[in-house]
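Data first, discussion second: the structure below is written as structure tokens.
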Amino acid sequence: MSIDNQTFVVNGNTAFISRVDQTSAIRHVWDMLLRDHASVFGQAPSSAPSAGRTSVIVRYAEPSDNCPSWPEAFCFRYDRAEDGLRLHIVARDELGLMYGMLHYSRYMLGVDPFWFWADLPPKRRDIIEFPAEDFDSTQPKVRYRGWFVNDEVCLIGWKDEYPPTREVWLPVFEALLRCGGNMVIPGTDLPKTGVHAKLAAEMGLWLTHHHAEPLGAEMFLRAYPGKNASYKEHPDLFERLWREAIEKQKNDRIVWVLSFRGQGDKPFWENDPEFDTPARRGSLISKVVRKQYNMIRESVANPVCCMAMYGEIAELYRDGYIEVPDGVIKVWADNGYGKMVSRRHGNLNLRAPALPPKGDTGRNGIYYHVTFHDLQASNHLTLFPSPPELIAEEIGAAFEAGASEYVLLNCGNIRPHLSTLDLVAELWQRGSADPALHLADYAGRMFLQQEAGAIAALFRRYAECTIKYGPNPDDRAGEEFYHHPARQIVGHWLQGRIAKTDERLLWATGDRPFLEQVRWFEQRGAEAIAPWEELERSTLAVMARLPEWAGRRLADQLLLPIRLHLSGSRGLKALGRAFEAYTEGRFALAFVHASEAVWRYQEGQAALREAEHGKWERFFRADWLTNIANTIDHMDTLRRFLRMHGDSPDMFLWYKEYLMPETEKHIYLENTHRNPLSDDRLATMLRELFERETPRLFV
């Protein structure tokens, strides 16, 4: 079929006709398509053709269509019938039909994959015209590609119901499908009673599992509390859980995860200490994985299986102690900061390569983070801290090494990470991407085409402003850098341990006295303030040129992370100065600096609240991981502690010493001057005094 030199016209009267069985997955995408049409044209489309009107027909491929033959392929074919010009969206399988409809929605109707998450509704139109030219989809670079909705506390806390309901999950899975994804881990350790896995399957997605939950089975200690989680002692109980998981999921699209780690995502030999050599450990893991693989094959024809080459398992495999069954996809993980090396554990950072070894002829893939949570320097609420070139280079190198069968992307809470999720979607589709061109296109789509260059430049400057805390290109800090270490510093200090190095901070500072550790963090924060302030000013200047809707979107996507970094940098600086003043015995000054830390971290919390407009009300209320509120509480505890050093017991002595007029100090009556000032009020007044007397203290 082909119509030469014809224009296909879509308007509110265009008919949409389905000639396929309405499976649950097809129905979901069909409903999306009808909704998209109504959003663009202001009315639902017709369900029947009429004379002279165009029609869109969705159907399975016939031999004459010459539709590409790979899984999930689709094509567009045109013909003319008595009732008018017709577009046929054609595919060989269910997912192909779904991607065909979503391709039409994006490129013909103009509906962005992130319309929901970016508050980006499609433009209203009266008519859309495009050439009636046949089209064949291109085969994605990656066969199994999707998201791990991990550390999803914002999604959990957004609404009152727990576990999250369909209302929360529908836009997650819709965005993934619109990005061309076909696989998902729907959440982290959520109750099995939740709707998340059922809905993902209902929407046609392949389900896969966390490497700590092989086959998606119940955790051993949940099923058998009080028993030792030892496979050697209880193989029958482990295998019962695996069989139950297989039986429950055998009719769904599953990428089965084979693995054997201990409870709580740690090496299994912490429960089985007799496995004390690499050979013994590798032998048991190989035996268990083979057992899981054979169990699946008993119930599922041609199962798709993978195995996470994570932590100790990657090390044992590289050293030749683990055998992986033929055909199983080996999944290699980055370090949480985008580099394909082993992740940092506490202060240990081996940075061992995390890619298939040369000569590996098996199937390989990757697990990759554009957001992370590690209690150190990760980005959970903010954008990826390194330039997008690092993402493109590392994923591209993984593909070159043969790890292109599978990409599982840690997507966090979706909304804070749209630009990087979009970049990886291009990579898993095309196999490569030019980050500069991608960013320019993204800025034009999201904001305003005439300001796309200026906005793309702001995004690029963001990565230049992030704190570089180590020698490696990926040693750049997300917002957690300002919070977990700061709370550790306060805890170490208030526990009276300041004569000792805080070993929890060695990963950043190296081995040095605690005072020098605190100074190291203070300096990193102080050095970052000016670049973040300049970027904030530049962003506000661009926002002033944008329409309100585009400015609000830029505030959500860029100004918010800038302000989280800026407030955190200021908070670290103030905390460091508080400790220095404390070591000098200047307790009132230390109290003022600690109060400054409270106020600066409160600026970050205020930035979160400002981003909770409209449907996003309470989106950040479950900020339990970065946990800005917890940092504020630590700083508040610190300043209360410091106020005990000179203002106790009546909380009036500093007022008398520093603030009371000299004419009053020796004649006041205590019964009329015993209402203590609040911490904020006292700190504000003392700061004004100290700044007048010694301005350099607050530069």
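A few remarks follow.
- Ignoring aspartates and glutamates fewer than eight residues from residue 291 along the same chain, the ones with Cα atoms less than 14 angstrom from its Cα are 236, 239, 323, 326.
- In this structure, the amide hydrogen of residue 254, modeled 1.01 Å from its nitrogen in the peptide plane, lies closer than 5 angstrom to those of 207, counting only residues at least 5 positions away or on a different chain.
- Reach of residue 227 by Cα under 20 Å, taken over lysines that are not fewer than 8 positions away in the same chain: 266
- Angle in degrees between helix 435-446 and the longest Cα principal axis of the chain, rounded to the nearest 10: 90
- Residue-wise HN-Hα coupling along the range 448-463, computed from phi with Karplus coefficients 6.51, -1.76, 1.60 (Hz; x: Gly, Pro): 8, 4, 6, 10, 4, x, 5, 6, 4, 5, 5, 4, 5, 5, 3, 5
- Rounded to 5, the percent of DSSP beta bridges in the range 144-446 classed as antiparallel: 10
- In order along the range 627-637, phi translates into HN-Hα couplings of 6, 4, 4, 5, 4, 4, 4, 4, 5, 5, 4 Hz, rounded to whole numbers, per the Karplus curve 6.51 cos²θ - 1.76 cosθ + 1.60 with θ = phi - 60° and x for Gly and Pro.
- Acute angle (nearest 10 degrees) that the helix 560-583 long axis makes with the longest principal axis of the chain, alpha-carbon atoms: 30
- Relative to the Cα centre, the charge distribution of the range 7-136, modelled as +1 at Lys and Arg Cβ and -1 at Asp and Glu Cβ, gives a dipole magnitude of about 340 debye.
- For residue 159, a cut-off of 26 angstrom between C-alpha atoms picks up these lysines, skipping any fewer than 8 places away in its own chain: 192, 198, 615.
- Within the chain, percent of DSSP bridges classed antiparallel, to nearest 5: 30
- Farthest toward the positive end of the dipole of the chain, out of 486, 282, 305, is the Cα of 282, where the dipole comes from beta carbon charges about the Cα centre.
- Stretchable slack from residue 497 to residue 290, in nm (0.36 nm times residue separation minus alpha-carbon distance): 69.5 nm
- Applying 0.36 nm per residue to the separation of residue 450 and residue 664 and subtracting their alpha-carbon distance, the gain on full extension is 70.6 nm.
- Enclosed volume per residue, in Å³, of the convex hull spanned by Cα atoms of the chain: 188
- Net length gained if the chain between residue 523 and residue 24 were fully extended (0.36 nm per residue, minus Cα distance): 174.0 nm
- Ranked for footprinting exposure by Cβ neighbours inside 10 Å, fewest first, 24, 342, 283 give 24, 283, 342.
- Folded to 0 to 90 degrees: helix 94-107 orientation relative to the chain principal axis, Cα: 70
- Among 468, 339, a tally of other beta-carbon atoms within 10 Å of each Cβ gives an order, fewest to most, of 468, 339.
- Basic side chains Lys and Arg get +1 at the Cβ, acidic Asp and Glu get -1 at the Cβ, and with that the dipole of the chain about its Cα centre reaches some 420 debye.
- Taking every DSSP helix (H) stretch of at least 4 residues in the chain, weighting each as -39,500 (n - 2.57) and dividing the sum by the residue count yields a mean residue ellipticity at 222 nm of -13500 deg cm²/dmol.
- In a DSSP loop and with at most 11 other Cβ atoms within 10 Å, the GluC sites (Glu not before Pro) in the range 219-296 are 274.
- Taking the DSSP bridge list for the range 7-136 and keeping only pairs wholly inside it, about 60 percent are antiparallel.
Rule-based calculations on the coordinates, nothing more; no lab input. What you are looking at is a predicted structure, and each value in this text was computed from that prediction instead of being measured. Glycine gets a Cβ as well: all are built from the backbone with ideal geometry, and neighbour counts include every protein chain shown.
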